[in-house]
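Beneath this line is the structure, given in structure tokens, with notes to follow.
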Amino acid sequence: MSYPMPQLEPSGAAPAVPMPSASPTLPQDDTPAQQAARAAQLAATQSVYTWTTDVPTLPGVPLATTVPKNDEPTIAWFVILIGVGLGIVRNALTVKLAGVDAGELGSELDSSRATYEAALTECDAIEASTAKVAAEHGVHTGGNIFEHIVGDVENAVAAAERDAHIALLKGYKERLEDLMKVEEATSLGSKTPRSVEAYRALFATLPVPGVSYMFQDDAEFARLRVQGPNCMLIAAAGDALPANFPLSGAQYAAVVNGDTLAAALADRRLFMLDYKPLEVLDPGTYGSLAKYAWQPMALFAVPPGGSSAVPVAIQCGQDPADWPIFTPSPTFDKLWGWEMAKFIVQVADGNYHELFAHLARTHLVIEAFAVATHRHLAEVHPVWALLVPHFEGTLFINEQAATSLIAADGPIDHIFAGSIASSQLAAVDARLAFDFYGKMPHADFAERGVGVDSALADYPYRDDALLVWDAIHEWARQYIDLYYAHDADVVADTELAAWAACLAGEAKIKGFGPVTTRARLVEICAMVIFTASAQHAAVNFPQKDIMAFSPAVTGAGWQAAPNGQRGHDKAGWLAMMPPMALALEQLNVLELLGSVHYRPLGDYRSNAFPYPLWFQDPRVTGAEGPLAWFKAALAGVEAEIVARNSERMQPYPYLQPSLIPTSINI
């Protein structure tokens, strides 16, 4: 067997589109000539995939120096993105036109109206042009996600035409991003009394999230800990509360009827959120407005005989001398203080979610594996074939995040509490501290004391994540066993050894080391696939349903925290929330990020037009092969989660396989 050398594009930007071999091999099993071909291919690829730790917004994080052409999105992806973006822009323009009618946008009302109406007309033109491109490429955008896979095409399109269409769609994407910007930060909403209803009204043409009607309920506040955007922080309190959280037995008993603090501790029914890691954030400003960042602590309990957690107490900072404990109370003089404390937790949760759980622990971790895989595993290597589809779009979307989302004067800078430099540092620290093996689901749940045998029986993220993990792990095991008959084959694999050394060294994956057994290789592959697909889905898609409505979760406080629970009112609570213009910006960004579903887990295709099926080895693709098993297993997981959701108080759809993209592409 011989291996064709990859050809560089005329620009030198990327090798010709790679596809897996029909019979992948390990380097030790090749002839000298085949080994030389592998080495030559890797040398060519290494000239394209290069490392840098000098991205200004994420200093010290190993990232790709550039985005190779093969890692740019497909036409199918752009069509989805533009469709979502058009809906967001039309909503924003409708809100701005309402602001014109309310006299909120300055003296040039007629000029503003004409500008926004012209933008709406431009949206119609973009929609028509995009639809024409989609039709020419046979892109399906409707129907069952498994039956009408986005990107399924019937006719080949010349490369030149494809490049022209990509350029056109990129231009539309950039134009829509420009139209999404909210310039009237000091005037939008200035004539409207601040209210929850006014925040709902920002969804002028988009569906109003259901959370906007529930977020003040204590049960909803507790629910978000186990099936919200950030389900990865809640941990068992152990056999004693932290010394800096001096909740008394009387305070506890007043909240949880028929229970005592001592009994709850003995039964391991207490769970905490501790946002101390956010101490790295320095409070920022927006124009002349101060922003507030907090590091609260929040206690939850599972009542005797219960399965779901209830909120018990919140301390809005780490030092009890400065921050008294607040507890739920129906009395009017304490009610709004409790609402303020919950809001402070939600602000902290928004920061922890976006900077730690989302950006650092999915996007940036997977980029390290993507670059290392391209640099050290040949295109005929079976592990290369297994992992590469799970990197589709990641380098591109990460570059977008680094150059706009988390850059100065970008959405993170505007919406979140920390100065942009400290927010960037928080993400950097979280990425470099990421414990790859410790964050594997079973290990992570055990470390936090929230496994399936814990008192926290109602934990949808955990239960659904383990279903998906088990399916992915078995897929990886069956696949790896096709190519590695013994552990000795793993040890003898020189490319795998170089890959592991790169991940432990240049890629800075904490705790990574030599791979010497099939079982360890399976775990690693399963963790990469899970993180790139299911874990990212769990932190990404709740952004639309929950975080797009800023009173429920936002990135900053806009008034100081109360120094006591009594004597506050609804107006004071509302004053802690973001200005309307920033609430609209938050809506725009998170509605976009949480709406793009592209290629579900288990649908393996090349990202090169016309998107042929990815795996070529009959041992993988056969009726009795591991891929057929995996697809059947995912269908079973889907049915199980749908059944669970029919019994849950609130459904948790984010880990249904049909709603999990294969890769981090948004």
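The values are calculated or read from the model by the stated rules, or taken from the named source; none is laboratory data. If you're wondering where the values come from, they're calculated on a predicted model, not measured in any experiment. Because the Cβ atoms are built from the backbone with ideal geometry, glycine has one as well, and the counts that use them run over all protein chains shown.
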Anything in region 282-311 that is within 21 Å of Cys231 (Cα to Cα) and in a loop (DSSP other than H, G, I, E, B)? List them, or say none. Ala293, Trp294, Gln295, Pro296, Val302, Pro303, Gly306, Ser307, Ser308, Ala309
I want to confirm something. Restricting to region 260-283 and keeping residues that are buried (at least 20 other Cβ atoms within 10 Å of the Cβ) and among the charged types (D, E, K, R), which single residue is farthest from Ser454 (Cα to Cα)? Asp274
Scanning for something without any contact (Cβ under 8 Å) to a residue 60 or more places away in the chain, in a helix (DSSP H, G or I) and crowded, with 18+ Cβ neighbours inside 10 Å, does region 319-333 turn up at least one residue? no
Check whether at least one residue in region 571-591 is touching a residue at least 40 places away in the same chain (Cβ under 8 Å) and more than 30 Å from Gly317 (Cα to Cα), and report yes or no. yes
Those helices (runs of 4 or more DSSP H) lying entirely in region 339-432 with at least 2 residues of a type in the set (Phe, Trp, Tyr) and farther than 25 Å from Arg599 by Cβ: none
How many residues of region 632-645 are among the charged types (D, E, K, R) and surrounded by fewer than 18 Cβ atoms within 10 Å (Cβ to Cβ)? The answer is 2
Regarding Met577, is this residue surrounded by fewer than 24 Cβ atoms within 10 Å (Cβ to Cβ) and not in a loop (DSSP other than H, G, I, E, B)? no
May I ask you to verify whether Ala538 is in contact (Cβ under 8 Å) with a residue 24 or more places away in the chain and either touching a Gly at 6+ places or on another chain (Cβ under 8 Å) or surrounded by fewer than 21 Cβ atoms within 10 Å (Cβ to Cβ) (or both)? no
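Let's see how each residue does on (1) farther than 24 Å from His353 by Cα; (2) aliphatic (A, V, I, L, M); (3) in contact with a Ser or Thr (Cβ under 7 Å, 6 or more places away or on another chain):
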position	(1), (2), (3)
Asp435	no, no, no
Gly438	no, no, no
Ala443	no, yes, no
Tyr459	no, no, no
Arg477	yes, no, no
Ile480	yes, yes, no
Ala500	yes, yes, no
Ile509	no, yes, no
Thr517	yes, no, no
Checklist (1) touching a residue at least 40 places away in the same chain (Cβ under 8 Å); (2) at negative phi; (3) small (Gly, Ala, Ser) applied to Gly449, failing item: (2)
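Here's the yes/no breakdown for (1) β-branched (Val, Ile, Thr); (2) within 20 Å of Phe343 (Cα to Cα); (3) part of a loop (DSSP other than H, G, I, E, B); (4) at pLDDT below 95:
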{"residue": "Glu197", "(1), (2), (3), (4)": "no, yes, no, no"}
{"residue": "Leu206", "(1), (2), (3), (4)": "no, no, yes, no"}
{"residue": "Ala219", "(1), (2), (3), (4)": "no, yes, no, no"}
{"residue": "Leu241", "(1), (2), (3), (4)": "no, no, yes, no"}
{"residue": "Ala262", "(1), (2), (3), (4)": "no, no, no, no"}
{"residue": "Glu279", "(1), (2), (3), (4)": "no, yes, no, no"}
Give just the number: which of (1) farther than 24 Å from Val388 by Cβ; (2) in a helix (DSSP H, G or I) does Pro651 not satisfy? (2)
All positions within region 396-428 that are within 30 Å of Leu496 (Cβ to Cβ) and either crowded, with 24+ Cβ neighbours inside 10 Å or without any contact (Cβ under 8 Å) to a residue 12 or more places away in the chain (or both): Asn398, Ala427
Inside region 48-59, can you point out the residues that are exposed (fewer than 12 other Cβ atoms within 10 Å of the Cβ) and more than 23 Å from the chain's Cα centre (by Cα)? Asp54
Among (1) free of Cβ contacts under 8 Å to residues at least 24 places away in the same chain; (2) under 24 Å from the mean Cα position of the chain (by Cα); (3) surrounded by 15 or more Cβ atoms within 10 Å (Cβ to Cβ) - the single one Thr621 does not satisfy: (2)
So which residues in region 480-490 are over 17 Å from Ser21 (Cβ atoms), of a type in the set (A, V, I, L, M, F, W, C) and in contact with a helix residue (DSSP H, G or I) (Cβ under 8 Å, 6 or more places away or on another chain)? Val490
Region 69-98, residues that are more than 20 Å from Thr121 (Cα to Cα), modelled with pLDDT under 95 and of a type in the set (A, V, I, L, M, F, W, C): Ile75, Ala76
Which of the following residues is at pLDDT 95 or above, farther than 21 Å from Gly284 by Cβ and more than 27 Å from the chain's Cα centre (by Cα): Asp333, Asp319? Asp319
